[in-house]
There are 2 protein chains.
Amino acid sequence: MRDRRISESTIHRLSHYYRALTALEREHFDTVSSRELANREELTPAQVRKDLSFFGSFGTRGLGYPVKELKEKIARILGIDRVWNVALIGVGNIGSALVSYKEFARQGFNIKLLFDSDQRKIGSNHKGITVLGMDDLERQLNENKIELVILAVPASSAQVIVDHVVNCGIKAILNFAPIKLAVPDDVFLRTENMAMELEYLSFSLVNNLPRRSDRKKT
Amino acid sequence: MRDRRISESTIHRLSHYYRALTALEREHFDTVSSRELANREELTPAQVRKDLSFFGSFGTRGLGYPVKELKEKIARILGIDRVWNVALIGVGNIGSALVSYKEFARQGFNIKLLFDSDQRKIGSNHKGITVLGMDDLERQLNENKIELVILAVPASSAQVIVDHVVNCGIKAILNFAPIKLAVPDDVFLRTENMAMELEYLSFSLVNNLPRRSDRKKT
DNA sequence: CTTTTTTTGTGAAAGGTTTCACAACTGGCA
DNA sequence: TGCCAGTTGTGAAACCTTTCACAAAAAAAG
Ligand SMILES: NC(=O)c1ccc[n+]([C@@H]2O[C@H](COP(=O)([O-])OP(=O)(O)OC[C@H]3O[C@@H](n4cnc5c(N)ncnc54)[C@H](O)[C@@H]3O)[C@@H](O)[C@H]2O)c1
Ligand SMILES: NC(=O)c1ccc[n+]([C@@H]2O[C@H](COP(=O)([O-])OP(=O)(O)OC[C@H]3O[C@@H](n4cnc5c(N)ncnc54)[C@H](O)[C@@H]3O)[C@@H](O)[C@H]2O)c1
């Protein structure tokens, strides 16, 4: 954690390394070389070493990286060595799918509260969590120490709700509505856009690109 | 469509332009400047002009770009000026959410077939589409001229199914399982990884990055 | 204990993307 | 008709990311 401005690509690759290390741990590897780690996620050894070098020296020359330790270090860097309290707003098609997504819980993202504006949904139960109404938003977010909000509402309501959420002091939002949302500079916002991925595939098909590419700009 | 190798970032930005142009059309604008287009999607005017210049000269100096025409041109480039027949495999939490996703249909991605291996799901109906069993896969994909497959099955079965799908001649796959899948070089594969986006937010929070960034590498 | 093998960590080079800056062109107006 | 304001299209520059290549270090072999 020196002076640097770490690139988004590097951070995304850390997520890949974390996933590969989880598998390696399960397979009882004690150490792993940059080459093996790279192979598992379709990257290059040099990239692995360069990425890790931004954060310190974790390996042993001639031997490689200690699997368990490196995994913990990366978890630390990514901030997933702890539990994050998450609220999800909009318990519709995609919202209710996300509530059941085990990967989130496994990485420490604990969906603790659900909100919806639909009277028929308020009070209903999803995976043991009761859906709350929007009027209670601010108090509930505070009382439950929510730090992260997932937005799964229609595009037409998204900006209004983001404003509200930001007003409650939330600094990180994952948005699923396919729309550009405005937030203050100190709020982190990421937007998942699945249609965009399909469009990329469609472009690839009609242009018959010479080489496929998985993952989105690492 | 000259000689070039268009970057992934440029393609993703074309999707953004398309979205902005759709809105501009609805608002009855006839022309739009690179500045206005850039503002709407939080990009720079120079980038808009550079991106478009890879594909031709669509604007008029002193005036800007014709909204309707540019939108059509971009649809053409992205390959969304036609209907793509899509099959979805794995009608679980996320799979059934995706069936209801209107944005896909709106952009010409027509989810025509649903598959699942679960006996209880086979024969059931989602948005008017009957879920089929996996043994019928090859014949159905061929008969229905499916060109694109969405995979929403557990990570543990994903590779086996991809192999099967590739064997049926499918050249484009959108995968939701958080796992690295192997496909031949002539098959386009994209993997949506939502946990990765949350991890990026978590990293941002603990490292208090100086500036937020929406969208994934443009 | 010495040599060989392996593999990291990292400057430097190469490659790629974004931004700059301005000539060239268009439309409108006098 | 000539001039002005506006805006594109695009080389060149600046910036950023990836790959290369190798010295340094450690482990393994002899
Ligand atoms: N369905 C998908 O697979 C999918 C995929 C990607 C993105 N998205 C996007 O996710 C969003 C939700 O999609 P969906 O298919 O789940 O729609 P949906 O209509 O099923 O769900 C939206 C939910 O938000 C609630 N809601 C509406 N206005 C609200 C408000 N002001 N405050 C609180 N809750 C409110 C509704 O009651 C509903 O439960 C949309 O923006 C959509 O474009 C959906
Ligand atoms: N739930 C989410 O919000 C979410 C989000 C992102 C990614 N994902 C990923 O998407 C995938 C599906 O997640 P889910 O929550 O919908 O799980 P799920 O268990 O609800 O659905 C999986 C479906 O796949 C079917 N299936 C299993 N094996 C199959 C096979 N061999 N052939 C055909 N169908 C088969 C199952 O019958 C089930 O209907 C997982 O890989 C998950 O990690 C889920």
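The values are calculated or read from the model by the stated rules, or taken from the named source; none is laboratory data. A quick note: this is a predicted structure, and the numbers were derived from the prediction, not measured. In this analysis, Cβ positions are derived from the backbone assuming ideal geometry, glycine residues included, and neighbour counts consider all displayed protein chains. Heavy atoms of the whole protein, side chains included, go into the accessibility calculation; ligands, DNA and RNA do not. Shrake-Rupley method; radii C 1.70, N 1.55, O 1.52, S 1.80 Å.
Remarks
- Selection within segment A:194-212 - modelled with pLDDT under 95, open to solvent by less than 40 Å² (accessible area, probe 1.4 Å) and at the interface with another protein chain (Cβ under 7 Å from one of its Cβ atoms): A:Arg212
- Residue in segment A:81-94 that is within 12 Å of DNA strand C (Cβ to nearest atom) and buried (at least 16 other Cβ atoms within 10 Å of the Cβ) present: no
- Pairs with Cβ under 7 Å, 6+ apart, first in segment A:82-103 and more than 11 Å from chain B (Cβ to nearest Cβ), second in a helix (DSSP H, G or I) and crowded, with 18+ Cβ neighbours inside 10 Å: A:Ala87/A:Leu141; A:Leu88/A:Gly95; A:Leu88/A:Leu98; A:Leu88/A:Val99; A:Ile89/A:Ile161
- Those residues of segment A:125-140 which are polar (S, T, N, Q) and either surrounded by 14 or more Cβ atoms within 10 Å (Cβ to Cβ) or touching a residue at least 12 places away in the same chain (Cβ under 8 Å) (or both), in sequence order: A:Thr130, A:Gln140
- Of all residues in segment B:31-46, none satisfies being without any contact (Cβ under 8 Å) to a residue 40 or more places away in the chain, within 14 Å of another protein chain (Cβ to nearest Cβ), under 21 Å from A:Ala177 (Cα atoms) and away from DNA strand D (no atom under 15 Å from the Cβ).
- Filtering segment B:141-160 to residues that are open to solvent by 30 Å² or more (accessible area, probe 1.4 Å) and more than 20 Å from B:Ile179 (Cα to Cα) leaves B:Asn142, B:Glu143, B:Asn144, B:Lys145, B:Glu147.
- One residue from B:Val83, B:Val67, B:Val32 being closer than 30 Å to B:His126 by Cα and touching a strand residue (DSSP E or B) at 6+ places or on another chain (Cβ under 9 Å): B:Val83
- A Cβ distance below 7 Å, combined with a sequence gap of six or more or placement on separate chains, defines the contacts here; from segment B:162-180, residues that are at positive phi reach no residue that is among the small types (Gly, Ala, Ser) and outside any loop (DSSP other than H, G, I, E, B).
- Checked against (1) surrounded by fewer than 16 Cβ atoms within 10 Å (Cβ to Cβ); (2) in contact with an Asp or Glu (Cβ under 9 Å, 6 or more places away or on another chain), B:Lys102 passes all but a single condition, namely (2).
- Within segment B:113-124, none of the residues are open to solvent by less than 20 Å² (accessible area, probe 1.4 Å), more than 7 Å from chain A (Cβ to nearest Cβ) and small (Gly, Ala, Ser).
- In summary, B:Gly79 fulfils each of the numbered conditions (1) within 14 Å of chain A (Cβ to nearest Cβ); (2) on the phi < 0 side of the Ramachandran plot with the single exception of condition (2).
- With respect to the conditions (1) closer than 25 Å to A:Glu192 by Cα; (2) more than 11 Å from DNA strand D (Cβ to nearest atom), B:Asp116 lacks only one, and its number is (1).
- The residue of segment A:10-30 that is farthest from DNA strand C (Cβ to nearest atom), among those that are open to solvent by 20 Å² or more (accessible area, probe 1.4 Å) and in contact (Cβ under 8 Å) with a residue 24 or more places away in the chain, is A:Thr22.
- B:Leu43 falls short on exactly one of the conditions (1) outside the structural domain of B:His12 (by TED's automatic domain parsing); (2) open to solvent by 10 Å² or more (accessible area, probe 1.4 Å), and that condition is (1).
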